[in-house]
Amino acid sequence: MSGEQDWNEGLSADLKDPEFAREFILAAIEDGMPLKTVLAKTIRAYGVKEFAKAIKMAEPNLVRLLSARSNPTQETLNRLLEPFRLRLAVTPILEPRPKKGERRRTHASVAEDARIPKSYISRVMKGEAELSPDQLWLVCTRDRRAEEEISFLLLLLEKDRCGVKTRRDVLEQQIAHVRARKTESERHLKVNQVGSDPHENAAYYLDPWTQLVHIALTIPRYRMNVTTLCQELGLPSARLEGILETLQINGFIERTEGRVSVLKDNVHLPKSSPYFEVWHRGLRAAAQHQISVSRNPINYSFSVVFSANEEARVEILRKWFDLLSNIESVASASPEQDVFGLNFDLFTWRIEK
């Protein structure tokens, strides 16, 4: 309780600074908090009595305005916002300009592409009607959507219009299969997949430390003196020698006169590999051990439990893949100086029966 009290006292002091309070309100609204709720929290943290005096309003009137049942007018809200140099305003939503040679998408242009009346498109947008597969195809091809994307949209439409449960179940399985393929990491990374032989490089993936040493050898100081890996990764010299031999036999490195050259890097093991689960669990176990024993202040870990729906899960996964592509670009452009690990899990706690 004392921690919460200290936080409120600190916030109360900070909110007396108009610039801080202004940024606090704008940030809260940006995060989706209702304006009235933001003002109530801000004013209570500031101090109702002091704020009432600042805006020349009777304290009881201000208390009533801050209650959940109040419905303040625009004029009153602007009076509450004035000390923070804010006021209500209506601003236009600016649509991005179409690229050169592209038309701005309107109901009329979509209707023209689908070869249907504009009024029918309005009904579709309101959920009162649907496009036929041919009409959807015409709109998608005009938008130059990829063939795979068009096929998926047509599959979704087919499922929505299906009236036979057994066939609908089959369509849902097909949709799930397409979504699963889109979540394969290699679709979002510029990587070299291992060979077609499922047993190729098995020794590399069965021991997570083999991959860790391989990536460490992309760093110049380790290639010049591989024995430093014994101390910095905590590996016995005999174990390191065995790993180096495995890497050389499998064509990942070449050793000449005590120095190492990396021949292959940025390899990726697809989920279809029979070794994927063993590799994934081994690397995760090694990572969890490292996190638990390391005291390095630059390490960062994050865990969260939340509730959402399937649409949110898909959107979170999409954003993760966007981030993954950006991370790859940042890492690829960076000089090799240290070895880092990154894990991401998105799963349900519900047990499938």
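Rule-based calculations on the coordinates, nothing more; no lab input. This is a predicted model, so every value here is computed, not measured. Backbone-built Cβ (ideal geometry, glycine too); neighbour counts: all protein chains shown.
Under the shape rule built on the C-alpha gyration tensor, where the axes satisfy a ≥ b ≥ c, the range 192-297 is oblate, since a/c reaches at least 1.5 while a/b does not exceed b/c.
Among the chymotrypsin sites (Phe, Trp or Tyr not before Pro) in the range 243-314, which ones are in a DSSP loop with at most 10 other Cβ atoms within 10 Å of the Cβ? Mind listing them?
Working: sites: Phe252, Tyr275, Phe276, Trp279, Tyr300, Phe302, Phe306; in loops: Phe252, Tyr275, Tyr300, Phe302, Phe306.
Here the chymotrypsin sites (Phe, Trp or Tyr not before Pro) that fit, given the DSSP loop and packing criteria, are Tyr300, Phe302, Phe306.
With the cut-off at 27 Å, tell me which of the pairs Lys271/Lys319; Lys16/Lys319; Lys36/Lys56; Lys118/Lys159; Lys118/Lys165; Lys16/Lys56 have Cα atoms farther apart than that. It would help to have the intermediate numbers written out before the result.
Working: Lys271/Lys319 20 Å; Lys16/Lys319 38 Å; Lys36/Lys56 19 Å; Lys118/Lys159 25 Å; Lys118/Lys165 33 Å; Lys16/Lys56 16 Å.
As for pairs spanning more than 27 Å Cα to Cα, those are Lys16/Lys319; Lys118/Lys165.
Show me the GluC sites (Glu not before Pro) within the range 122-162 that DSSP assigns to loop and that have at most 16 other Cβ atoms within 10 Å of their Cβ.
Numbers: sites: Glu128, Glu130, Glu147, Glu148, Glu149, Glu158; in loops: Glu128, Glu130.
Filter output for the range 122-162: Glu128, Glu130.
Taking the number of Cβ atoms within 10 Å of each Cβ as an exposure proxy, the fewest-first ranking of Thr106, Thr76 is Thr106, Thr76.
I need the peptides 287-298, 115-126 ranked by packing, meaning the mean over residues of other C-beta atoms within 10 angstrom, with the highest value on top.
Highest mean packing first, the order is 115-126, 287-298.
Neighbour counts of C-beta atoms inside 10 Å place Val262, Val304 in the sequence Val304, Val262, starting with the fewest.
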